[in-house]
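Everything on this sheet refers to the single structure shown next.
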Amino acid sequence: MRRQRPTLIAVSTLIAITLTTAAPTPANAAPPEQVTALTAHQADGYTTLAWQPVDGATDYQIERTPVDADNTPTGVPTIVGIWRPNRQINQHAPTFADAGYNPGDTFQWRVRARTGTTEQPYSDPVTATTTAPWGNPATPGEQLRTGWETTHAAQYTSDTDEYAYTAAIDALSDRVRVVELGRTVQNRPINMMVIGHPTPAATPEAVAATAPVAINCNVHGNEPGDREACLIMARQLAFSTDPRITDLLSNTTVLIVPTINGDGRANNTRGNSTGQDLNRDYSLIRQPETTAYIRMVRDYRPVAGYDGHEFGNSRAGDLPMLPPRHQNVAQPIFDQSQDMIEGHMYAKGAEAGWWACPYGCEGGGNVGLSEETILRNTLGLKNVTNSLLELRSSGGQTRPDEGNTANNRRRKTYSALWTFQQFLDYHRADRADILTARSDAIESQAANTGRLVFRGSRPIPAHPAPHPGDSPPPLDAPPADLILDNAPCAYKLTDAQYNGARTDGPGGVGTTVAQRIAAHGWKVIKTGDGYYVPLNQPERGLIPLLLDAKGVEKLTDGERVYPTLTGRRNGPLTVTGFTCADDATINGPVTVRAGAALVTTATTISGPVSATRAAGVLLADTTVNGPLQITSTTDAISIIDVTIAGPVNLSGNTTGTDAPVLAGTTIRGPLNCTGNNPAPTNLGIANTVHGPRTTQCAAL
């Protein structure tokens, strides 16, 4: 078996660079149709092969041969990959990620071009030992292995093995805390690993302050490849001394939910034990599994996320991806998610040899639409930069050796591991832009402007040309009857709608609308005639999908409540009941009486605003030319993107589990917050205060 001849390659390269006139071809020069400069770079579970392109090549075949320490073949040469021009955005530097092998073994690779069906000569071979599974077997913590790893991909990690593995990581690493988010229908724990350096923040609110990222690894029980990648990555994050890892964890918190659908994974079924596809339930949250995840999003406030799946299409790319497409998703979140996919994953995939592409890629069919029940859309509507990840379920034409089950599983898992690590790198590099997109999205949503779409997606073009894949997700334009141009101020629910029993959960028993709204974290105001859910909130795009009669998959038919005050009003305003001001100018003081509620958008108030024992005060995109005082409020307080020309005092407000929000607001005076239970939060969006900030609002 021939070895590489680096000296000869270097000499021939030098000749090619320095000669300026035609010369006879040296006898030992490679023919023009032969691949040259083949290299093999080793990484976690895969090898990146790169070579110089051949003019006129239609595609390339990648051959792998197992060899021993003396480079003697121990098996037959096998075509393991086909590189085609639509694999990557950089056509001038072909690469291929080979992952269908047992990590730690030694191989020889060769690559040859094909012109049509004509096979050209193979390159000179390269030989290397692949990277063994991460972690020194002699080092505590690092020595941990999943059931999938110990069986060399013959079996997936069982639920009991997962619990033991995550508990061991928790016990051995100060960086990790395992928390139980809830229980499945069959009472399996839904665990989340909270990972930070040197230790993770102690409470959900403290974690939220670190701008965390979240990875949901296994929602469909028969799609476990991402889950295995998450478990391996958790070990790396917990014990690695690599400066990259410690830097990442010093600047954010990583939230990993290995198995939200433990019942489905144990039974190898797509849905949970009730047959519910959980990825069609994240808005409705009829199941305990999806409820647990949405509560986590409410409490920990991840700013970016990935959701792992497998795609039953052998013609697609290695890593189909898709942003939140629903048209109610704020534009900054859609744009940032697309930047993560097209600006980062496509480019980095081209470097590493992975085929990242739009969901569908080739022969994708009717995939990637606008259902708000799907996690990527639900997260987008919750102002989270995020993407769905699909692992192509079988090798197909471009990975012909994956009829071998273990090889197929390795490629899926290690491609997911690559993606999740790149996700962390993207967040580290683009954190400021992600936070800006989130802030802009929350402020634009709270302004309650623009139409509402009940089903309909933004287009996803094939990108770029020549592009990675020929079949982007189909156009999913909203039909006219599912568009509401005149958005209401709020939805009003009766007591029966809000607190009434439901039968849409497991065993014919469901949580109430009140409980589900609380899980989503929306503010609700109760006045004498009903329960009001205002739309000047951060998740404005999601609320109508569940509460409007036009909702395709809704909870109830709420009554649309339109503004009661618009235009100019001169003189004092006393608020009793529920008052909604939009595009209004109020020239005088505003007083909110006990049990009453004030909701404003695009409004200017020329005078002080005071509320004592009010049910709720929600101000957004508003100017108050005077002081603002809110005391002893009982239900909800939200002040988002408001300019206040005077002091602000929030005191003695008791809003249950719903923290008052003060975010993105400019206060031209002091800010005092005392005795509020719970304490106010800024949702991670800083306020500008031209004066002293005291007690509970000192850090806002």
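Listed here are the residues, each with its yes/no results for (1) surrounded by fewer than 18 Cβ atoms within 10 Å (Cβ to Cβ); (2) free of Cβ contacts under 8 Å to residues at least 12 places away in the same chain; (3) outside any helix (DSSP H, G or I).
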position: E390; (1), (2), (3): no, no, yes
position: E402; (1), (2), (3): no, no, yes
position: A406; (1), (2), (3): yes, no, no
position: R410; (1), (2), (3): no, no, no
position: L417; (1), (2), (3): no, no, no
position: H427; (1), (2), (3): no, no, no
position: D430; (1), (2), (3): no, no, no
position: T436; (1), (2), (3): yes, no, no
position: S444; (1), (2), (3): no, no, no
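One residue is enough: does the stretch 527-540 have a residue meeting the conditions surrounded by fewer than 23 Cβ atoms within 10 Å (Cβ to Cβ), under 27 Å from the mean Cα position of the chain (by Cα), of a type in the set (A, V, I, L, M, F, W, C) and at pLDDT 95 or above? Within the stretch 527-540, not a single residue is surrounded by fewer than 23 Cβ atoms within 10 Å (Cβ to Cβ), under 27 Å from the mean Cα position of the chain (by Cα), of a type in the set (A, V, I, L, M, F, W, C) and at pLDDT 95 or above.
Only a single criterion out of (1) of a type in the set (A, V, I, L, M, F, W, C); (2) touching an Asp or Glu at 6+ places or on another chain (Cβ under 8 Å); (3) not in a strand (DSSP E or B) is not satisfied by I190, namely (3).
Give, as residue ranges, the strands (runs of 3 or more DSSP E) completely inside the stretch 596-700 that count at least 1 residues that are modelled with pLDDT of 95 or more and over 24 Å from T436 (Cα atoms). First the steps, then the outcome.
Details: elements: 597-605, 609-612, 616-624, 628-631, 636-644, 648-651, 661-663, 671-674, 693-695.
Those strands (runs of 3 or more DSSP E) span 597-605, 609-612, 616-624, 628-631, 636-644, 648-651, 671-674.
Would you confirm whether any residue within the stretch 226-242 is out of contact with any Cys (no Cβ under 6 Å at 6 or more places or on another chain), farther than 17 Å from T253 by Cα and among the aromatic types (F, W, Y)? Checked the stretch 226-242: no residue is out of contact with any Cys (no Cβ under 6 Å at 6 or more places or on another chain), farther than 17 Å from T253 by Cα and among the aromatic types (F, W, Y).
Filter the stretch 85-101 down to residues that are closer than 24 Å to S394 by Cβ and surrounded by fewer than 16 Cβ atoms within 10 Å (Cβ to Cβ), then give me how many there are. Working first, answer last.
So the first thing to find is which residues in the stretch 85-101 are closer than 24 Å to S394 by Cβ, and the list is 85-88, 94-101.
If we keep only those that are surrounded by fewer than 16 Cβ atoms within 10 Å (Cβ to Cβ) too, we end up with 85.
Going through the stretch 85-101 one residue at a time, the tally reaches 1.
Answer yes or no as to whether G104 is closer than 14 Å to G56 by Cα and either modelled with pLDDT under 95 or surrounded by fewer than 14 Cβ atoms within 10 Å (Cβ to Cβ) (or both). Criteria not met by G104.
The residue that is nearest to A496 (Cα to Cα), among those in the stretch 561-577 that are open to solvent by 10 Å² or more (accessible area, probe 1.4 Å) and touching a Lys or Arg at 6+ places or on another chain (Cβ under 8 Å), is V561. Show me the helices (runs of 4 or more DSSP H) entirely contained within the stretch 206-289 in which 3 or more residues are within 24 Å of T405 (Cα to Cα), touching a helix residue (DSSP H, G or I) at 6+ places or on another chain (Cβ under 9 Å) and charged (D, E, K, R). Qualifying helices (runs of 4 or more DSSP H): 225-239.
Between A584, A611, A645, the distinction of being touching a strand residue (DSSP E or B) at 6+ places or on another chain (Cβ under 9 Å), at negative phi and crowded, with 22+ Cβ neighbours inside 10 Å belongs to A611 only.
Residue by residue, here is whether (1) modelled with pLDDT of 95 or more; (2) over 36 Å from the mean Cα position of the chain (by Cα) holds:
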site	(1), (2)
Q42	yes, no
T47	yes, no
Q61	yes, no
T65	yes, yes
G75	yes, yes
G81	yes, no
R84	no, no
R87	no, no
N90	no, no
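What number of residues within the stretch 497-534 are assigned to a helix (DSSP H, G or I) and out of contact with any Phe, Trp or Tyr (no Cβ under 6 Å at 6 or more places or on another chain)?
Taking the stretch 497-534 as the starting set, the residues that turn out to be assigned to a helix (DSSP H, G or I) are 497-499, 506-508, 513-520.
Now restrict to residues that are out of contact with any Phe, Trp or Tyr (no Cβ under 6 Å at 6 or more places or on another chain): 497, 499, 506-508, 515-520.
So the answer is 11.
If I go through the stretch 313-334 residue by residue, how many of them are closer than 10 Å to R458 by Cβ and part of a helix (DSSP H, G or I)? Residues flagged as closer than 10 Å to R458 by Cβ and part of a helix (DSSP H, G or I) within the stretch 313-334 amount to 2.
The values are calculated or read from the model by the stated rules, or taken from the named source; none is laboratory data. Keep in mind that this is a model prediction, so the values were computed, not measured. No Cβ is skipped: glycine too gets one built from the backbone with ideal geometry, and neighbour counts run over all protein chains shown. Only protein heavy atoms, including side chains, enter the accessible area calculation; ligands, DNA and RNA are left aside. Shrake-Rupley method; radii C 1.70, N 1.55, O 1.52, S 1.80 Å.
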